[in-house]
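Undergrad: Quick one: the structure is below, questions incoming.
The values are calculated or read from the model by the stated rules, or taken from the named source; none is laboratory data. Since the model is a prediction, treat every value here as computed from it, not as a measurement. Glycine also receives a Cβ, built like all others from the backbone with ideal geometry; neighbour counts cover every protein chain displayed. These accessible areas exclude ligands, DNA and RNA; they are computed on the full protein's heavy atoms, side chains included. Shrake-Rupley method; radii C 1.70, N 1.55, O 1.52, S 1.80 Å.
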Amino acid sequence: MNWKRVLLKLRFDSPRALAAKLLHRVRARRATLRRRARWSGGRLPVSPGDMPALWSPDAASGLWPGATDRSWLAGAVQRWPDLHAQAARRAAAAAQGRFDLLGSGDTDVRDNEGHLRWHQDFKSGVDFPADSLYLDVPICLEREGTDIKVPWELSRFQHVFAFLWTEPDRYCDVFLRQWNDWLQANPVARGPNWACTMDVALRAISWTAALAAWAPSFDESTLRRMWASLACHGHFIRDNLEWAPIARTNHYFSDIVGLAVLGAVLGPYPPARAWAAFAAQELSREIRQQFAPDGFNKECSTTYHGLMVELATLGVRACAVSGRELGADVGARLVAAYRAIDILCDTSGTIPLIGDNDSSRVFPLAQRADTELRPVLALGAAVLGIEDLAVADAAPEVALLCGPAALQPNRSTPLSRRLPAGRALPDSGLFVLGSGGDHLVVRCGPLTYRPVGSHNHIDQLSFTVSVDGRPMLVDPGQYCYTPSPTWRNHFIDSRAHNTVTVDDQPQCRMFTLGWMSFSVIAEARPRCEVWEADAQRARFVGRHCGYRRLHGGADHERAIIYEAGARCWTVTDRLPLAGRHRVEWRFCLHPDVAVEPRAGVWHLRCGQVILTLRSVEPTAFRGTVESGWYAPAYGCKVATQVLQFAAAVAGPAAATFVLQVQNSGR
């Protein structure tokens, strides 16, 4: 046991929170014993013969109307040519057993007999135990490079969504072959693909869409087995909820959305009605709990925010199909979540990478970049009836979830909206300084909604910059989770972000928890001291106290001023240190950005965009270009460059940098 970590948790956790966690652990151990007894016998909770006489697969069409009514597919190629072509290629590859998942590259995952390798991390070649009870499956193998998320991702069956909007008639038999193969290889509660309830829920969601698309082609036996399999998934989810007393995350949220979907689709089945009622109650609470009042998800990750918005939207739709409304306050919080996306996206519809990223989606008809979130707004406009959210053309997901009729009125509003030079998500600590194509996002907010971090990074006062939709200064992203604690911690660390570090230390201490890599203690305690914005100017001042723990340490204060007329940002850092310290400033460049020094000014070029960076205090500050890493998606890392400034100080440290747009090709 790491006693230093325990003492720090005692310092930052309230006695009430610690007591709740201890009680939860005791209850969780009892629940595990009960689950082991229930699920180890091999007896299924339902069988195909239990299907209610009144059940109809048409119930799935109410949730996925665009899977049943294919009238919109005829115009899909013309409306979304690139997305449709990419989906068609992905569908054709999946039909042949080839998948590109989590950075694997195009890989044939079939064995010698033509079965898919459902239990294998086919990136490393390691098989997870197929016949172990799900409670005994090791999530983390102490073997570098092995990732259980790879078989989980394959077993989510999300390639179904590429099937059903490209050539659905062609792929019905392919789906049935792969579905039967999966059922034979993955008995209920056995093997890695039952070890994470969230993935069980996402798989069930995919199968309900397949049911909506192809139920008329299924014979009676197939329908009964499909019903029984979905019902087994529902019983398993309800009995294995990833609940926690304080910090319920995207995992628990996925669980209850899965129950909401199954409740809507399996309607006449009495347990399904209970799942629907339970899910509606929990969604009403969790949407308000897991999204801050400003709308941003409390796990402090931009890509996880996109995942959570997608989940919440599907959950609200499923509840509506079941005849359950969640209330105006829940709808208002979800609208705020969509508006948070709009605030954080630049003019290209790209949101900066902030915090962790595992590239998760819920119903991915199109494979977009993980940061391309503005198309999601069209879905919010259609589902919630908020027209001003439609700042981008309707995405194909709108037709799938709301039906073809939703495409016609959902036309994009002009992007040339008059916006102030700064917008903020104050509860979440995200501040946007810029107007037009100028876009800087600075983070100064909570570690998460608990003292021990989850999907956040140690990145207080770090910022990203894009100009006219081109990323210039970036957050490093996240390369992996369990395959390599070293790499995971590298991307979390302050030293990988566009902020200031002292004595080569991160802002918060990070403790290793076995092979599951880390626990972060919220020592930085950031706060925004000044935020003001009008049509031409925005000003932010924030500070954190993470370096007080060092001998002679002090707070770090960062001020950023944006001037719209000059298209420039002035960044000033102050650290009233005592004694000798080494202070470093880092600016991580996007891999597409070329950097060149000219007469003491650094010119950053990406296409026609030129952004200059110069130090005005101290004037003799010399920068160097170092090597770094950038992870645009989970499982992918690419080399990039980092512009670094360093100073050995004896006492207070201060520096001012000016970033100015010189040319943007407008």
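Undergrad: With θ taken as phi - 60° and the coefficients 6.51, -1.76 and 1.60, list the Karplus ³J(HN,Hα) couplings across segment 345-361 in order, rounded to whole Hz; mark glycine and proline as x.
TA: After applying 6.51 cos²θ - 1.76 cosθ + 1.60, I find 6, 8, 5, 8, x, 9, 9, x, 6, 9, x, 5, 7, 10, 6, 7, 9 Hz.
Undergrad: If segment 183-303 were replaced by its equivalent ellipsoid, with semi-axes equal to the square roots of 5 times the Cα gyration tensor eigenvalues, what would those be, largest first, whole Å?
TA: Values: eigenvalues 152, 49, 36 Å².
Ellipsoid half-lengths, sorted descending, are 28, 16, 13 Å.
Undergrad: On to the next question. Determine, for each peptide in 120-127, 552-559, 155-162, 598-605, the mean count of other beta carbons within 10 angstrom over its residues, then list the peptides with the highest first.
TA: Details: 120-127: 17.5, 552-559: 19.9, 155-162: 24.6, 598-605: 14.8.
In descending order of packing, they fall as 155-162, 552-559, 120-127, 598-605.
Undergrad: Straight-line reach from residue 123: which aspartates and glutamates have a Cα under 18 Å away, not including same-chain ones fewer than 8 places off?
TA: Within reach: 100, 106, 108, 111, 142, 144, 147, 153, 358.
Undergrad: Does anyone have the angle between helix 250-265 and the longest principal axis of the chain? Alpha-carbon axes, 0 to 90°, nearest 10?
TA: Tilt of helix 250-265: around 30 degrees.
Undergrad: Now for a separate question. Roughly speaking, what is the stretch gain from residue 144 to residue 246, that is 0.36 nm per residue apart minus the C-alpha to C-alpha distance, in nm to one decimal?
TA: On the way: separation 102, 0.36 × 102 = 36.72 nm, distance 3.19 nm.
Extending this stretch completely gives an extra 33.5 nm.
Undergrad: Using 0.36 nm per residue, how much length does the chain from residue 504 to residue 79 gain when fully extended, once their Cα-Cα distance is taken away? Please report the intermediate quantities before stating the final value.
TA: Numbers: separation 425, 0.36 × 425 = 153.00 nm, distance 5.11 nm.
Answer, rounded to one decimal: 147.9 nm.
Undergrad: Follow-up question, since we're still on this one. Take the alpha carbon gyration tensor of segment 63-174, find the square roots of its eigenvalues, order them as a ≥ b ≥ c, and report rounded if a/c is under 1.5; if not, report prolate when a/b exceeds b/c, else oblate. All intermediate terms of the calculation are to be shown ahead of the outcome.
TA: On the way: a/c = 2.44, a/b = 2.16, b/c = 1.13.
Note, shape of segment 63-174 comes out prolate.
Undergrad: On a 1.4 Å probe surface of the protein chains, which of 595, 638 comes out largest in accessible area, and what is the full order? Walk me through the numbers on the way to the answer.
TA: Values: 595 30, 638 60 Å².
Ranked from most to least accessible, the order is 638, 595.
Undergrad: Separate question: Using the alpha carbon gyration tensor of segment 520-655, what are the three equivalent-ellipsoid semi-axes (square root of 5 times each eigenvalue), largest first, in whole Å?
TA: Values: eigenvalues 132, 85, 66 Å².
Working from the Cα gyration tensor, I get semi-axes of 26, 21, 18 Å.
Undergrad: What FRET efficiency would be calculated for the residue pair residue 384, residue 548, taking the C-beta separation as r and a Förster radius of 35 Å, to the nearest 0.05? If you can, show how the numbers build up before the last one.
TA: On the way: r = 44 Å, r/R0 = 1.26.
After rounding to 0.05, the efficiency reads 0.20.
Undergrad: Express in Å², to the nearest 10, the accessible area of residue 294 obtained by rolling a 1.4 Å probe over the protein heavy atoms while all chains stay in place.
TA: Roll a 1.4 Å probe over it and residue 294 shows about 20 Å².
Undergrad: Now a separate question. Taking 7 Å along the Cα-to-C-beta vector as the label spot, tell me the residue 285-residue 25 distance in nanometres, rounded to one decimal.
TA: Label-label distance for residue 285 and residue 25, simple model: 2.3 nm.
Undergrad: Can you figure out the FRET efficiency of residue 654 with residue 184, using R₀ = 56 Å and their beta-carbon distance, to the nearest 0.05?
TA: Details: r = 66 Å, r/R0 = 1.19.
Calculated transfer efficiency: 0.25.
Undergrad: Return the long-range amide H neighbours of residue 653 (sequence gap of 5 or more, or a different chain), with a cut-off of under 5 Å between placed amide H atoms.
TA: 575, 577
Undergrad: How would you rank 25-33, 527-535, highest first, on the average number of other Cβ atoms within 10 Å across their residues?
TA: Numbers: 25-33: 11.2, 527-535: 13.7.
Per-residue Cβ counts within 10 Å, averaged per peptide and sorted highest first, yield 527-535, 25-33.
Undergrad: Can you give the extra length, in nm with one decimal, that the chain gains between residue 177 and residue 53 once fully stretched, where that is 0.36 nm per residue apart less the Cα-Cα distance?
TA: The span from residue 177 to residue 53 would gain 42.0 nm if fully extended.
Undergrad: Additional query: Using the alpha carbons of segment 173-214, what is the convex hull volume per residue in cubic angstrom, as a whole number? Show your work: numbers first, answer last.
TA: Values: hull volume 2.6 nm³, N = 42.
In segment 173-214, the Cα hull volume divided by residue count equals 62 Å³.
Undergrad: Per residue and in cubic angstrom, what volume does the convex hull of the Cα atoms of the chain have?
TA: Working: hull volume 100.7 nm³, N = 666.
Convex hull of Cα atoms, per residue: 151 Å³.
Undergrad: Tell me the label-point distance for the pair residue 274, residue 100, using the 7 Å Cα-to-Cβ offset, in nm and rounded to one decimal.
TA: 4.6
Undergrad: Kindly identify segment 106-259 as rounded, prolate or oblate by the Cα gyration tensor criterion: order the square roots of the eigenvalues as a ≥ b ≥ c, call it rounded if a/c is under 1.5, otherwise compare a/b with b/c, prolate if a/b is larger, else oblate. Intermediate values should be presented prior to the final figure.
TA: Numbers: a/c = 1.75, a/b = 1.20, b/c = 1.46.
Judged from the Cα gyration tensor, segment 106-259 comes out oblate (a/c at least 1.5, b/c at or above a/b).
Undergrad: Let me ask something else about it. In Å², and per residue, what accessible area does the chain have when probed at 1.4 Å with the other protein chains present? Can you show the working numbers first?
TA: Numbers: 25270 Å² over 666 residues.
Each residue of the chain exposes 38 Å² on average to a 1.4 Å probe.
Undergrad: What figure in square angstrom, to the nearest 10, would you give for the accessible area of residue 468 with a 1.4 Å probe?
TA: Solvent-accessible area, nearest 10 Å²: 50 Å².
Undergrad: Quick check: at a probe of 1.4 Å, how many percent of the accessible area of segment 514-599 sits on carbon and sulfur atoms?
TA: Details: 1810 of 3700 Å².
The value for segment 514-599 is 49 percent carbon and sulfur by accessible area.
Undergrad: Sort segment 603-666 into rounded, prolate or oblate with this rule: let a ≥ b ≥ c be the square roots of the eigenvalues of the Cα gyration tensor; rounded if a/c is under 1.5, and if a/c is not under 1.5, prolate when a/b is larger than b/c, oblate otherwise. If you can, show how the numbers build up before the last one.
TA: Numbers: a/c = 2.95, a/b = 1.30, b/c = 2.27.
Note, shape of segment 603-666 comes out oblate.
Undergrad: Quick check on packing: order 135-145, 53-63, 296-306, 206-216 by the mean number of other C-beta atoms within 10 Å, highest mean leading.
TA: Working: 135-145: 14.1, 53-63: 16.8, 296-306: 25.8, 206-216: 22.7.
Highest to lowest by the protection proxy: 296-306, 206-216, 53-63, 135-145.
Undergrad: Now for a different question. In whole Hz, what ³J(HN,Hα) sequence does segment 137-151 give by Karplus (6.51, -1.76, 1.60; θ = phi - 60°), x for Gly and Pro?
TA: 6, x, 6, 10, 9, 6, 9, 3, x, 8, 9, 5, 5, 5, x
Undergrad: Any idea what the relative contact order of the chain is, in percent, if you count C-alpha pairs under 8 Å spaced at least 6 apart? If you can, show how the numbers build up before the last one.
TA: Values: 1394 pairs, mean separation 73.4, N = 666.
It comes to 11 percent, rounded to a whole number.
Undergrad: Related question: In whole Hz, what ³J(HN,Hα) sequence does segment 80-94 give by Karplus (6.51, -1.76, 1.60; θ = phi - 60°), x for Gly and Pro?
TA: Going residue by residue, I get 10, x, 5, 5, 5, 4, 5, 5, 5, 5, 5, 5, 4, 5, 4 Hz, with x marking Gly and Pro.
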